[in-house]
Amino acid sequence: MQIIVLFGPPGAGKGTQSEFLVEQYGLVHLSTGDIFRSHIKGQTVLGTTAKSYMDQGKLVPDAVTIEMLADAVTQNTGAKGFIFDGFPRTEAQAIALDSLMATLGECVDAMLALEVPEAELKVRLLERGKTSGRPDDADPNVIQKRIDVYNAETAPVQKYYEAQGKFIGIPGVGSIQDITNRLRAAIDSL
Ligand code: ADP
């Protein structure tokens with residue numbers, strides 16, 4: 001299996017780029033944000049829990065997130081590989097992902113990190129908020145909170161993959177096509 005962690009702050013372009021990579025490499029795309037949003041839409045208990053954190057720009061607790069991700073992986077064990085988008089967002093999640101992959105006899109191949117300056121992220125998220133219908137994109141305070149949470153809790157996950165020699169930084173500013181090409185070059189060199 002090919003297992004890629006697509007990493008980066010909110011608004012870095014993970015969802016957009018995942019679509020291209022799925023098409024190109026035939027991997028299963030698992031976005032924890034998308035899965036949470038589908039639970040919110042379906043008004044499940046998990047959705048109600050997740051929404052209370054997401055609307056404030058906070059992370060959903062690890063235990064809840066890890067269990068949900070593990071279920072999603074289990075439902076796709078026949079996959080050629082995975083692109084994880086928005087997961088892991090904490091070191092505990094990174095450790096859980098390694099254990100989960102080990103149960104499949106697999107391991108993460110690389111973390112590809114889209115690097116985008118903070119000012120650009122804010123512009124992109126506010127712009128997306130005009131059409132996304134996402135409450136967490138509509139409020140500048142929630143956007144700032146998400147960026148702060150990213151810097152405090154998620155950015156350190158980079159070190160976890162650096163220590164394993166699996167971290168690859170990708171400049172995330174430029175045309176969508178240019179960024180796709182950079183990601184493809186990185187994946188093809190694995
Ligand atoms: P973005 O990367 O633009 O913030 P996502 O759709 O990836 O958007 O995530 C939206 C929200 O969902 C996050 O702010 C957080 O509340 C929750 N979430 C998503 N993935 C995780 C995760 N791995 N751990 C905890 N919370 C998560």
Open item on the list: Looking at 30, 46 in this structure, which one is more than 16 Å from residue 97 (Cα to Cα) and aliphatic (A, V, I, L, M)?
Closed with: 46
Open item on the list: Could you go through region 69-88 and let me know if any residue there is surrounded by 14 or more Cβ atoms within 10 Å (Cβ to Cβ) and among the charged types (D, E, K, R).
Closed with: yes
Open item on the list: If the requirement is being surrounded by fewer than 17 Cβ atoms within 10 Å (Cβ to Cβ) and of a type in the set (A, V, I, L, M, F, W, C), which of these qualifies: 102, 94, 113?
Closed with: 102
Open item on the list: Restricting to region 141-190, name every residue that is of a type in the set (Val, Ile, Thr), without any contact (Cβ under 8 Å) to a residue 60 or more places away in the chain and touching a helix residue (DSSP H, G or I) at 6+ places or on another chain (Cβ under 6 Å).
Closed with: 168, 170
- [ ] From the list 51, 58, pick out the single residue that is near the ligand (Cβ under 10 Å from one of its atoms), more than 19 Å from residue 121 (Cβ to Cβ) and of a type outside the set (Val, Ile, Thr).
- [x] 51
TODO: Determine, yes or no, whether residue 109 is out of contact with any Phe, Trp or Tyr (no Cβ under 9 Å at 6 or more places or on another chain) and closer than 19 Å to residue 33 by Cβ.
DONE: no
- [ ] May I ask you to list the residues in region 96-137 that are more than 11 Å from the ligand (Cβ to nearest atom) and free of Cβ contacts under 8 Å to residues at least 24 places away in the same chain?
- [x] 98, 99, 102, 103, 105, 119, 123, 126, 127, 130, 131, 133
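So that you can scan it fast, the table gives a plain yes or no per residue for (1) away from the ligand (no atom under 16 Å from the Cβ); (2) under 14 Å from residue 179 (Cβ atoms); (3) at pLDDT 95 or above:
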position: 5; (1), (2), (3): no, no, yes
position: 10; (1), (2), (3): no, no, yes
position: 13; (1), (2), (3): no, yes, yes
position: 18; (1), (2), (3): no, yes, yes
position: 25; (1), (2), (3): yes, no, yes
position: 29; (1), (2), (3): no, no, yes
position: 32; (1), (2), (3): no, no, yes
position: 39; (1), (2), (3): no, no, yes
position: 44; (1), (2), (3): no, no, yes
Open item on the list: Just to confirm my filter: which helices (runs of 4 or more DSSP H) fall fully inside region 1-117 and include at least 2 residues that are under 11 Å from the mean Cα position of the chain (by Cα)?
Closed with: 14-25, 32-41
Open item on the list: If I ask for residues that are within 17 Å of residue 94 (Cβ to Cβ) and either hydroxyl-bearing (Ser, Thr, Tyr) or assigned to a helix (DSSP H, G or I) (or both), which ones from region 152-180 would you list?
Closed with: 152, 153, 154, 157, 158, 159, 160, 161, 162
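The values are calculated or read from the model by the stated rules, or taken from the named source; none is laboratory data. Since we're looking at a predicted model, the values are computed, not measured. Note: ideal-geometry Cβ built from the backbone for every residue, glycine included; neighbour counts use all protein chains shown.
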